[in-house]
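Engineer: The structure is given below, and queries will be raised subsequently.
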Amino acid sequence: MQIIRKRIYARAGLLGNPSDGYHGKTISISVRNFWAEVVLYEWEQIEILPSEQDRVQYHSVHELARDVELHGYYGESG
């Protein structure tokens, strides 16, 4: 089983705008005390566990994509 663990540190923008006409050039600093982390495990099914009430399982990525296409995120059609 393959396990992928990635951590990204918070950044504070000091100057610039990533979506402006200057190709996203910015001056920013990293904040090493704060981060977001994700851990992915290789598995036969896709299982999303936001909370006990919202448990949802899919047999493939294609099945998940089809469900989102039909029902949207959070069950809303779009």
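The values are calculated or read from the model by the stated rules, or taken from the named source; none is laboratory data. What you see is a predicted model; the values in this text were computed from it and never measured. Note that we place each Cβ from the backbone using ideal geometry, even for glycine, and neighbour counts take in every protein chain shown.
Engineer: Considering every residue within region 1-11, establish whether at least one is loosely packed, with under 10 Cβ neighbours inside 10 Å, among the polar types (S, T, N, Q), at pLDDT 85 or above and in a strand (DSSP E or B).
Structural biologist: no
Engineer: If you don't mind, another one. Tell me, which residue of region 49-78 that is in contact with a strand residue (DSSP E or B) (Cβ under 6 Å, 6 or more places away or on another chain) and of a type in the set (A, V, I, L, M) is modelled with the highest pLDDT?
Structural biologist: Only one residue tops the list, namely L64.
Engineer: On to the next question. Which of the residues belonging to region 29-48 are at pLDDT 85 or above, more than 15 Å from Q2 (Cα to Cα) and surrounded by 10 or more Cβ atoms within 10 Å (Cβ to Cβ)?
Structural biologist: I29, S30, V31, F34, W35 - these are the residues of region 29-48 that are at pLDDT 85 or above, more than 15 Å from Q2 (Cα to Cα) and surrounded by 10 or more Cβ atoms within 10 Å (Cβ to Cβ).
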